[in-house]
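First up is the structure itself, then whatever we jot down about it.
The values are calculated or read from the model by the stated rules, or taken from the named source; none is laboratory data. No experiment lies behind these values; they were computed from the predicted model shown. Backbone-built Cβ (ideal geometry, glycine too); neighbour counts: all protein chains shown.
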């Protein structure tokens, strides 16, 4: 049977639309950026108008995606299952899919850099999850695993306010981008080709981002044959009502114990002169202090104290008014504000050792060659072939 | 075994060599030196387009020739040359096909060209300046200020060893 002809206009149109949505641009804005009339963008996106190489480079620059984003399939045959799971999730909307596209290309570039530099970090985390049958199993397993992993990562009892950096240094690919007006807080992916990858929506408050990262970290470490999971506001709501599956309860238990170890809470409260015998002294001020100390949301801190029996579920009411204030909070980062720090470092290292060109460096950093030249000069990076 | 040498006077340039001359205000030097035998691909042109209209003028006047790279080939290049940007890769392919030198200062490109085509295919910004001095297009005494302007205006950043070699060649010429 003859091989099916690859339909470039259609494929390119879909990619361009996806990248445009990810940046939050309308067709008019994109038309201005690339110097084409608005109807042309509409025709290109629907695959009715072909584009030439020069226009493609213009789209690549305007949409801050490498050429490979537009030209290559996002995943290879045989590696597609985790990606399919992600795309098929009911929690991923059309708008969110464009973020997933962007995330996948970045993860691919990240993996390429690791391979180029001889770093074998495809599966950096241990696999520790045990079989769970009850809610209690899930909670205990989550807590035990969190303690063990803190030990492996040498975190002691110190608060982990910037978990993304800790995970990055452990070899996990962490992508933090804003998806405004999305119910998705984050998602994770485990694949043979891409390794462990976590995405967190930076449109949520920083504390929520940290909890999302820890929750997805829990999935990566404990779920057997983990492929892809999505954490949304809806799920978290259901969890509070104990309606979610055990595996999600376990990931939440892990996240809570990882970010707020029991011994660390006791230690922090002891510094305030409090113990389990004086729990009646706990006030909203104390909880605010603890949540700042551990870098978590007020709500997460409250639930952790309830689960550790420092306060009762009934007591929750008297602390709960604080939550109203949190509802309006959003972070301020733009969709493409930053690339992972480790990724940037690997890109510069690959450039320095002459494993990639300046043009490729520009592509990987999602900038044009002019900006790349400026950075190379500013950082005084001389290329020395290995 | 015979070594294939590239054509001496034709160059296919990547974006960086072009930027050095365009942004420093010395593009005319490059034009004079190659006299219509300066080639680029349309992907390289697109890199420059938004920043410089001088290149468009030179193309219109036939002083720079642009080679179209079909989308399908760009896709192929992006996949086959994952360490390079498609514009750079398209230069390698054309150079090999036509037997032209490649204008590049990039370390990764030099490693690749040396291995795949041979060191004679590499033509750097410093090589351009040396050739321009030898042909009397610029004076030896002017070269330092040209390099200085490339550094300041075009963010030209070069290796110390390359500069030493260039200075020594310049003295001899």
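In table form, for the structure just shown:
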| quantity | calculated |
| --- | --- |
| Subset of the stretch A:136-165 [closer than 19 Å to residue A:205 by Cβ and buried (at least 18 other Cβ atoms within 10 Å of the Cβ)] | A:159, A:160, A:163, A:164 |
| Residue list for the stretch A:369-386, filter: in a loop (DSSP other than H, G, I, E, B) and within 7 Å of chain B (Cβ to nearest Cβ) | A:382, A:383, A:385 |
| Filter result for residue A:318 (in the same structural domain as residue A:269 (by TED's automatic domain parsing), in a loop (DSSP other than H, G, I, E, B) and modelled with pLDDT under 90) | no |
| Residue within the stretch A:261-273 that is modelled with pLDDT of 85 or more, assigned to a loop (DSSP other than H, G, I, E, B) and touching a strand residue (DSSP E or B) at 6+ places or on another chain (Cβ under 8 Å) present | no |
| The stretch A:343-368: number of residues that are facing another protein chain (nearest Cβ under 8 Å) and more than 14 Å from residue B:107 (Cα to Cα) | 3 |
| Residues of the stretch B:95-126 satisfying the condition of being in contact with a strand residue (DSSP E or B) (Cβ under 8 Å, 6 or more places away or on another chain), surrounded by fewer than 18 Cβ atoms within 10 Å (Cβ to Cβ) and either closer than 25 Å to residue B:169 by Cα or within 13 Å of chain A (Cβ to nearest Cβ) (or both) | B:114, B:120 |
| Residue that is modelled with the highest pLDDT, among those in the stretch B:72-83 that are buried (at least 19 other Cβ atoms within 10 Å of the Cβ) and at the interface with chain A (Cβ under 7 Å from one of its Cβ atoms) | B:83 |
| Unique match (being more than 30 Å from residue A:105 (Cα to Cα) and assigned to a helix (DSSP H, G or I)) among A:288, A:248 | A:288 |
| Wholly enclosed helices (runs of 4 or more DSSP H) of the stretch A:1-67 bearing at least 2 residues under 24 Å from residue B:79 (Cα atoms), more than 11 Å from chain B (Cβ to nearest Cβ) and in contact with a helix residue (DSSP H, G or I) (Cβ under 8 Å, 6 or more places away or on another chain) | A:8-23, A:38-45 |
| Test: residue in the stretch B:55-63 that is surrounded by fewer than 18 Cβ atoms within 10 Å (Cβ to Cβ) and at the interface with chain A (Cβ under 9 Å from one of its Cβ atoms) | no |
